[in-house]
Structure formats: structure tokens, C-alpha cells
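**Student:** Quick one: the structure is below, and I'll ask about it shortly.
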Amino acid sequence: MKKIGLTLLASLFLLLSACSAQQAKPEGEAKQGNQQQPPAQQVELMVLAAASLTDALTSLKTTYENDHPGVTLTFSFGSSGKLAQQIEQGAPADLFLSASQQDMNKLDEKQLILKDTRVDFSGNSLVLVTEKDSAIAVSSFEDLTDPALKHIALGAPETVPAGRYTKEVLENLKLWDTLTDRLVYGSDVRQVLTFVEAGNAEVGVVYASDAAISKNVKVLATSKPEWHKPIVYPGAVIGASTNADAAKAFLAYLTSEEGKKVLGEYGFQ
């Protein structure tokens with residue numbers, strides 16, 4: 001009898017243990033279900049952008065990254081022509097922001113961009129500038145024949161869109177051949193600005209946006225739009241991008257009201 005009683009007690013103990021384990025299992029599963037999900041994968045977006053966009057893009061970088069915590073913007077600035085060459089040579093990048101349609105067209109023809117992502121996101125104008133304390137008596141592009149102007153700075157037309165537009169202006173005014181010996185070429189529009197700021201050239205031709213951010217130059221004249229092709233900034237996602245969705249999102253931001261506002265603050269149109 002005593003043996004039967006012990007057997008019953010042992011069986012009861014095993015039954016209670018099984019019930020406790022069964023009740024504990026859902027609780028454990030619930031705890032597992034409440035665990036935080038791992039953070040989203042961080043995306044580093046490599047953007048190749050025209051040198052004239054340097055200050056505007058640098059300004060909006062912090063705001064955009066705060067609003068998109070999974071994205072880090074990395075910029076590489078230079079002349080649009082040279083950046084296009086880098087893309088042709090396979091440089092790793094996600095987005096191309098050009099200062100000319102011509103350089104974007106070349107990539108489009110070679111199927112190196114996602115055609116349906118291409119969009120014009122801004123514009124600009126050409127201005128003639130000199131060092132802020134200069135006494136140069138020039139008030140128009142036609143005055144560039146003034147003998148006092150020994151060095152006239154502009155971007156290299158082969159690779160710098162601003163230089164290409166400047167050449168069109170001078171050709172329209174029948175001044176290109178006349179001024180050839182006095183022309184000084186910069187590798188991008190920001191170098192042209194530096195030439196003038198440092199006094200290495202009496203005058204230079206840059207974008208209105210470049211003149212707007214410099215405290216060391218003053219504007220002498222603005223080119224008439226009919227003297228050159230429209231200055232339009234196209235952007236497109238690069239075909240080899242591994243972050244196409246993030247690149248599309250940033251491009252959409254540039255065309256949004258908020259993006260246009262920032263660009264406008266830096267002299268873009």
C-alpha cells in the first residue's frame with residue numbers, strides 16, 4: 001500500500017511538472033517575439049556631383065541624413081565631364097548630378113544610367129566676376145576686349161560645362177578668337193572662382209550660384225540666356241548602382257519643394 005502511494009505521488013509530480021513546462025513555453029515564446037528586430041542595413045549613397053553643387057549639397061546633407069537614418073550621403077565633386085568619364089571607366093557610384101545635358105546624354109547613349117530615373121532638378125546662369133576690391137571698369141561681356149584684362153578665367157570647355165557655355169557666349173559675341181591668348185582655364189568652375197579670388201585673373205566667368213557663395217568676388221555682368229544653351233542640371237541613377245532605390249529617393253528629394261528651397265538659397269534657379 002505504501003508502495004502504491006509513493007507511485008501515485010511520483011506520477012502526480014511528473015504531471016504537475018509537465019503542466020508547468022507547457023505553461024512556461026508560451027511565455028518564453030512571447031518574450032522571444034518581443035525582442036527588438038535588428039536595425040535596417042545602413043546604405044552609403046555615393047553621389048558624383050558637379051562642382052558648382054558643392055555648398056548646396058553639403059548644406060542639405062545633415063538634414064537629409066537625419067530624416068533618413070538608414071542613409072549616409074557621400075559626395076564626390078568635380079567637373080561634369082570628368083565625372084562622366086569616371087562613370088564610363090566603372091567608378092563605383094549610385095547617382096550622377098550633372099551641370100549639363102551633354103555629359104548626361106553621353107552616359108545615356110552608352111546605357112550607363114537608368115533612363116527612366118533621369119530628371120532635370122535645377123538651373124543656373126553665367127556671370128562675369130572680379131575680385132571684390134578690384135577697380136576694373138568692365139560692365140558687360142562685350143567689354144572683355146579691354147586691354148587691362150590680361151587674364152580671363154573660365155572652365156576648360158572640353159570637360160567643364162561652365163567653360164563650354166562661356167565659349168558659346170564668346171563665340172556668339174565674336175570674341176573667342178580675339179581673346180584666346182588671354183584665356184586661363186580651370187579644371188572646374190570652383191577653380192575658376194579661386195583664380196579670381198586670389199587675383200590670378202582679373203575677371204572670370206562662373207555660375208551665379210558660385211558668385212553667391214563667395215565673399216571675395218563681385219558680379220560685373222550677367223550673360224543673356226540667348227547667348228548660350230540653357231543651363232540645366234540633370235540627375236540620374238547610375239545603371240551599376242547597388243542602391244538604386246535610395247538613389248531614386250534622394251533625387252526625388254532634390255526635386256521636392258524642400259530640396260528646391262535649399263538650392264534656391266545657394267543661387268540656383
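The values are calculated or read from the model by the stated rules, or taken from the named source; none is laboratory data. Just so we're clear, the structure is a prediction, and the values are computed from it rather than from any experiment. Don't worry about glycine lacking a Cβ; one is built from the backbone with ideal geometry, like all the others, and counts go over all protein chains shown. Areas reflect the complete protein model, heavy atoms only, side chains present, ligands, DNA and RNA absent. Shrake-Rupley method; radii C 1.70, N 1.55, O 1.52, S 1.80 Å.
**Student:** If I filter region 200-212 for residues that are touching a Phe, Trp or Tyr at 6+ places or on another chain (Cβ under 9 Å) and open to solvent by 20 Å² or more (accessible area, probe 1.4 Å), do I get at least one hit? Lay out the reasoning, then the answer.
**Tutor:** Step one: of region 200-212, the residues touching a Phe, Trp or Tyr at 6+ places or on another chain (Cβ under 9 Å) are 201, 204-205, 207-209, 212.
Those still in the list that are open to solvent by 20 Å² or more (accessible area, probe 1.4 Å) too: 208, 212.
The answer is yes, given that some residue of region 200-212 is touching a Phe, Trp or Tyr at 6+ places or on another chain (Cβ under 9 Å) and open to solvent by 20 Å² or more (accessible area, probe 1.4 Å).
**Student:** I need a count of the residues in region 65-108 that are in a helix (DSSP H, G or I) and under 20 Å from Ala244 (Cβ atoms).
**Tutor:** If we filter region 65-108 for residues that are in a helix (DSSP H, G or I), which is where we start, we get 65-67, 80-88, 101-108.
Imposing the further condition that a residue be under 20 Å from Ala244 (Cβ atoms) reduces the set to 65, 67, 83-84, 86-88, 104, 107-108.
Residues that pass the stated criteria total 10.
**Student:** Quick one: which residue in Leu45, Leu57 is more than 28 Å from Val192 (Cα to Cα), modelled with pLDDT of 95 or more and under 12 Å from the mean Cα position of the chain (by Cα)?
**Tutor:** The unique qualifying residue is Leu45.
**Student:** Thr194: in a loop (DSSP other than H, G, I, E, B), of a type outside the set (A, V, I, L, M, F, W, C) and over 20 Å from Gly264 (Cα atoms), yes or no? Spell out how you get there, then give the answer.
**Tutor:** On the way: in a loop (DSSP other than H, G, I, E, B): no; of a type outside the set (A, V, I, L, M, F, W, C): yes; over 20 Å from Gly264 (Cα atoms): yes.
Taking the combined requirement at face value, the residue does not satisfy it.
**Student:** Does any residue in region 104-124 that is farther than 26 Å from Ala208 by Cα come within less than 7 Å, Cβ to Cβ, of a residue that is open to solvent by 50 Å² or more (accessible area, probe 1.4 Å) and not in a loop (DSSP other than H, G, I, E, B) six or more places away or on a different chain, and which pairs are these?
**Tutor:** So the pair list comes out as Asp108/Lys115; Lys110/Glu88; Leu112/Glu88; Thr117/Lys248.
**Student:** Applying the selection to region 226-239, what residues are within 20 Å of Asp103 (Cβ to Cβ) and exposed (fewer than 15 other Cβ atoms within 10 Å of the Cβ)?
**Tutor:** Answer for region 226-239, where residues must be within 20 Å of Asp103 (Cβ to Cβ) and exposed (fewer than 15 other Cβ atoms within 10 Å of the Cβ): Lys229, Pro230.
**Student:** Can you tell me which residues in region 144-164 are in a helix (DSSP H, G or I) and either under 32 Å from the mean Cα position of the chain (by Cα) or surrounded by 17 or more Cβ atoms within 10 Å (Cβ to Cβ) (or both)?
**Tutor:** Leu144, Pro161, Ala162, Gly163, Arg164
**Student:** Within region 109-143, work out how many residues are buried (at least 18 other Cβ atoms within 10 Å of the Cβ), of a type in the set (Gly, Ala, Ser) and not in a loop (DSSP other than H, G, I, E, B).
**Tutor:** The qualifying residues number 1.
**Student:** Among the residues of region 165-191, write down those that are part of a helix (DSSP H, G or I), open to solvent by less than 30 Å² (accessible area, probe 1.4 Å) and closer than 18 Å to Glu142 by Cα.
**Tutor:** Tyr165, Thr166, Val169, Leu170, Leu179, listed by residue number.
**Student:** A further question on this structure: Among the residues of region 52-77, write down those that are of a type outside the set (Ser, Thr, Tyr) and open to solvent by 10 Å² or more (accessible area, probe 1.4 Å).
**Tutor:** Of everything in region 52-77, those that are of a type outside the set (Ser, Thr, Tyr) and open to solvent by 10 Å² or more (accessible area, probe 1.4 Å) turn out to be Asp55, Lys61, Glu65, Asn66, Asp67, His68, Pro69, Gly70, Val71, Phe75, Phe77.
**Student:** Given the structure, is Gly267 among the small types (Gly, Ala, Ser) and either buried (at least 22 other Cβ atoms within 10 Å of the Cβ) or modelled with pLDDT under 95 (or both)?
**Tutor:** Yes.
**Student:** While we're looking at this one, here's another question. From the list Ala236, Ala252, Ala240, Ala247, pick out the single residue that is assigned to a loop (DSSP other than H, G, I, E, B), of a type in the set (A, V, I, L, M, F, W, C) and within 17 Å of Lys115 (Cβ to Cβ).
**Tutor:** Result: Ala240 is the single residue among Ala236, Ala252, Ala240, Ala247 that is assigned to a loop (DSSP other than H, G, I, E, B), of a type in the set (A, V, I, L, M, F, W, C) and within 17 Å of Lys115 (Cβ to Cβ).
**Student:** So for region 259-266 (the condition being assigned to a helix (DSSP H, G or I) and without any contact (Cβ under 8 Å) to a residue 24 or more places away in the chain), does at least one residue qualify?
**Tutor:** Yes, the conditions are met somewhere in region 259-266.
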